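Worksheet: the structure to be examined is printed underneath.
The values are calculated or read from the model by the stated rules, or taken from the named source; none is laboratory data. Small disclaimer: the values here were computed from a predicted structure and weren't measured. Using ideal geometry, Cβ is built from the backbone for each residue, glycine included, and neighbour counts are taken over all protein chains shown. Surface accessibility is based on the protein's heavy atoms, side chains included, excluding ligands, DNA and RNA. Shrake-Rupley method; radii C 1.70, N 1.55, O 1.52, S 1.80 Å.
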Amino acid sequence: PTITVTYTQPRMQAACAPPHRTIPTSVDALTVALTVATVAVTVPQYIKLLRSRSSAGLSLPTVVLTAGLNLCDVAAAIITKWRQLQDCAHGAACVPELLDLVQTVVLTATSAAVLVMVVCYPPHDGAAARSVAAITLFATAVAWAVSAGVSLAAPCSRGALSLAQA
């Protein structure tokens, strides 16, 4: 007889972040440090790409998937942090609540920048590679617009949270 054991990892449920949440100063400081580090760790890659004028050794699929994943993270964060984003319309007191979103946006910007640089230099500078990069970045703009539109229409609704979790 054969015994089959199946392990399924429970899926995290998307939830809206509550506005007016108090965040400890130590968490703020850590998030700011991690955001700065997010940029700092990519600087050597930028320098290498600029100096060598070559994207040889970099995997285009990996760069595209990394950028795409980060871009999707921002789209989901727009939905789950919508109430905090709305709260920011009333003053800067909300900034600590949004530092994690800022970090995600910075990470996304750095990965998008690497993607653009990779398709600007050989061997990944062909029309097909540039098209893939353009489609990835365009799809991002669409995903962000859809996330904002869904959140405007029905903030933190079941449908919005399902989209954030997709």
For the chain, the per residue accessible area (1.4 Å probe, Å²) is 61 Å²
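Over the chain, with every protein chain in place, what whole percent of the accessible area is carbon and sulfur at 1.4 Å, could you tell me? Walk me through the intermediate numbers first.
On the way: 6950 of 10070 Å².
That fraction is 69 percent.
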TM-like helix rule applied to the chain (DSSP H, alpha carbon span at least 27 Å on the long axis, mean Kyte-Doolittle at least 0.0) gives 60-80, 95-120, 127-153
Of 15-24, 56-65, ordering from highest average Cβ density within 10 Å down gives 56-65, 15-24
Summing -39500 (n - 2.57) over every DSSP H run of at least 4 residues in the chain and dividing by its residue count gives a helix-only mean residue ellipticity at 222 nm, to the nearest 500 deg cm²/dmol, of -23000 deg cm²/dmol
Of segment 99-113, those with amide N under 11 Å from the point 7 Å along the Cα→Cβ vector of Leu137 are 112-113
Here, Ala14 and Ser162, labelled 7 Å along Cα→Cβ, have an inter-label distance in nm of 1.1 nm
Here the equivalent ellipsoid of segment 49-112, derived from its Cα gyration tensor, has semi-axes (largest first, whole Å) of 32, 13, 6
A chain fully extended from Ala56 to Ala89 at 0.36 nm per residue, minus the present Cα-Cα distance, gains in nm 7.4 nm
Highest mean packing first, using Cβ neighbours within 10 angstrom, the peptides 42-48, 124-130 sort as 124-130, 42-48
The correct pair for the chain, radius of gyration to one decimal and Dmax as a whole number, both in Å and from Cα atoms, is 19.0, 66
Here the gain from full extension of Ala127 to Ile23, 0.36 nm per residue of separation minus their alpha-carbon distance, amounts to 32.8 nm
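How would you order 80-87, 91-98 from highest to lowest mean count of nearby Cβ atoms within 10 Å? Intermediate results must be reported in sequence, preceding the final value.
Working: 80-87: 19.8, 91-98: 14.6.
Ranked from most to least packed, the peptides come out as 80-87, 91-98.
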Length-normalised contact order of the chain, Cα under 8 Å, at least 6 apart, in percent, tallies to 37 percent
In whole angstrom, largest first, the equivalent ellipsoid semi-axes that the Cα gyration tensor gives for segment 97-166 are 30, 15, 8
